[in-house]
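Where a number appears in this text, it was derived from the coordinates with a stated rule and is not lab data. In this text the structure is predicted, and so the values were computed from the model without any measurement. FYI the Cβ positions are ideal-geometry reconstructions off the backbone, even for glycines, and counts take in every protein chain you see.
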Amino acid sequence: MLQKITQRIEDLIKEIGNPYVDTLSSKITSGKMLRSKLVLAICQDHVDVVNLCAIIEMIQSASLLHDDVIDESDIRRGHPSINAIFGNKNSIMLGDIFYSKAFFELTKMDVRIAKSISNAVIELSRGEIDDVFMSETFNTDKKRYFQMLQDKTASLIAASAESAAILADLDHQKYKDYGINLGIAFQVIDDLLDITQDSSTLGKPAMNDFKEGKTTLPYIYLYEMLPEDEKKILVSYFKQNKIEIDRWLKEHFDKYHIIPLVFQEAKKYAKLAISAIEDENNKSLEEVVENMINREF
Ligand code: FPP
Ligand code: MG
């Protein structure tokens with residue numbers, strides 16, 4: 001089924017009818033297709049399910065094409081990013097093509113699905129703007145951080161689950177709640193993996209969030225735990241790129257047991273996701289949560 005979705009995306013891109021677009025898009029490395037797996041776990045058989053997944057994956061790709069320009073990131077999923085190979089202009093334009101083609105296809109779907117997904121794109125763009133502005137200074141506000149990640153990451157995951165439930169004629173609010181909590185847990189696990197995994201496992205540089213200006217949950221918790229003088233040291237390390245700093249950070253994450261603490265926080269949201277759909281009798285959705293919590297990249 002995932003193969004069919006990839007094929008559908010290729011066909012939709014071919015319909016644009018431009019050789020540059022074909023060349024650029026052939027260099028996109030495909031991801032884990034988490035959102036498609038989620039849609040398929042809710043609705044396997046509907047005639048529109050491959051289209052829905054293709055639309056969602058294309059929007060996800062568009063947002064990453066733009067995000068790698070914004071973050072000046074040269075590597076995506078272990079391979080050079082489109083901006084690294086073809087420059088920022090091409091990455092932005094290819095993102096626009098993916099985004100607008102996905103929206104054109106979205107107009108053919110149930111209007112509730114079109115509303116859910118287009119609203120998610122507003123939220124994800126709002127989350128990205130907040131992320132950029134929050135990256136200017138060390139952020140200690142947990143509430144602000146959670147709002148940003150709910151927008152940036154959870155919104156499209158929630159809209160995917162909601163849209164699949166609409167296709168399958170299920171109680172879509174429950175699936176949306178499931179998706180929001182799954183999305184938050186997903187991003188918190190991502191924040192942890194940035195610290196605990198090496199770059200070859202991650203397919204991008206390790207310990208990179210803090211260097212990019214992202215004060216993720218482990219850093220906010222560490223800040224809360226540290227005595228005043230060390231708080232100042234931590235803030236002074238913000239956006240610095242030095243191997244000694246990575247070592248200091250790892251030592252202090254260990255000393256204050258930050259990793260298990262943040263893992264518990266991710267598990268809290270994972271449990272909320274599972275309880276949102278507990279009456280729905282869907283084992284695959286519980287497995288999606290478990291695989292996401294226990295993933296290594
Ligand atoms: C990755 O964040 C970025 C996102 C999940 C969303 C980015 C959204 C936009 C750029 C808005 C534009 C949207 C469209 C559809 C045109 P990250 O940098 O924390 O993760 P990373 O480590 O994978 O780069
Ligand atoms: Mg990024």
Exercise for review: Would you calculate, for the chain, the mean residue ellipticity at 222 nm contributed by helices, counting each DSSP H stretch of 4 or more residues as -39,500 (n - 2.57) and dividing by all residues, to the nearest 500?
Suggested key: -23000 deg cm²/dmol
Check your understanding: Can you give the angle from 0 to 90° between the axis of helix 49-70 and the longest principal axis of the chain, with both taken from C-alpha atoms, to the nearest 10?
Key -> 40 degrees
Study note, to complete from the structure: In terms of the alpha carbon gyration tensor, root eigenvalues a ≥ b ≥ c, rounded if a/c is under 1.5 and otherwise prolate when a/b exceeds b/c or oblate, the chain is oblate
Revision key, fill the gap. Taking every alpha carbon pair in the range 167-270 and sorting the distances into 5 angstrom bins from 0 up to the bin holding the longest one, the percent per bin comes out as 2, 12, 20, 21, 17, 10, 7, 5, 3, 2, 1, 0
Study note, to complete from the structure: Phi angles of the range 174-183, converted by Karplus (6.51 cos²θ - 1.76 cosθ + 1.60, θ = phi - 60°) into ³J(HN,Hα) in whole Hz with x for Gly and Pro, give 4, 6, 5, 4, 4, x, 4, 5, 4, x
Review point. Most mobile of VAL121, VAL39, VAL111 per a Gaussian network model of the chain (Cα springs, under 10 Å)?
Key: VAL111
Review point. So what are the radius of gyration and Dmax for the Cα set of the range 41-143, in Å?
Key: 15.9, 48
Practice item. State to the nearest 20 debye the size of the charge dipole of the chain about its Cα centre, where the only charges are +1 on K and R beta carbons and -1 on D and E beta carbons. Key: 220 debye
Exercise for review: Given the options SER155, SER26, SER125, state which has the largest fluctuation in a GNM of the chain using a 10 Å cut-off (strictly under) for Cα springs.
Suggested key: SER26
Study note, to complete from the structure: For the range 29-152, whose charge dipole is built from +1 on Lys and Arg Cβ atoms and -1 on Asp and Glu Cβ atoms, the candidate among VAL132, MET33, VAL69 with its Cα farthest towards the positive end is MET33
Check your understanding: Restricting to lysine pairs 8 or more places apart or on different chains, what number in the range 144-215 have Cα atoms under 23 Å apart?
Key -> 6
Exercise for review: Between beta-carbons, use under 11 Å as the cut-off and find the net charge around ILE189, counting Lys and Arg +1, Asp and Glu -1.
Suggested key: -3
Check your understanding: Can you list the residues, at least 5 places off or on another chain, whose amide H is less than 5 Å from the amide H of ILE75, using H built in the peptide plane?
Key -> SER81
**Study point:** Normalised contact order of the range 147-207, rounded percent, pairs of Cα under 8 Å and 6 or more residues apart
**Key:** 31 percent
Check your understanding: Residues with beta-carbon under 11 Å from that of ASP279, excluding ASP279: net charge, scoring Lys, Arg +1 and Asp, Glu -1?
Key -> -2
Practice item. Taking the Cβ of GLN60 as the centre, find all other residues whose Cβ is under 11 Å away and add up their charges (Lys, Arg: +1; Asp, Glu: -1). Key: 0
Revision key, fill the gap. Candidates VAL262, VAL50, VAL132; GNM for the chain (alpha-carbon contacts under 10 Å) flags as most fluctuating VAL132
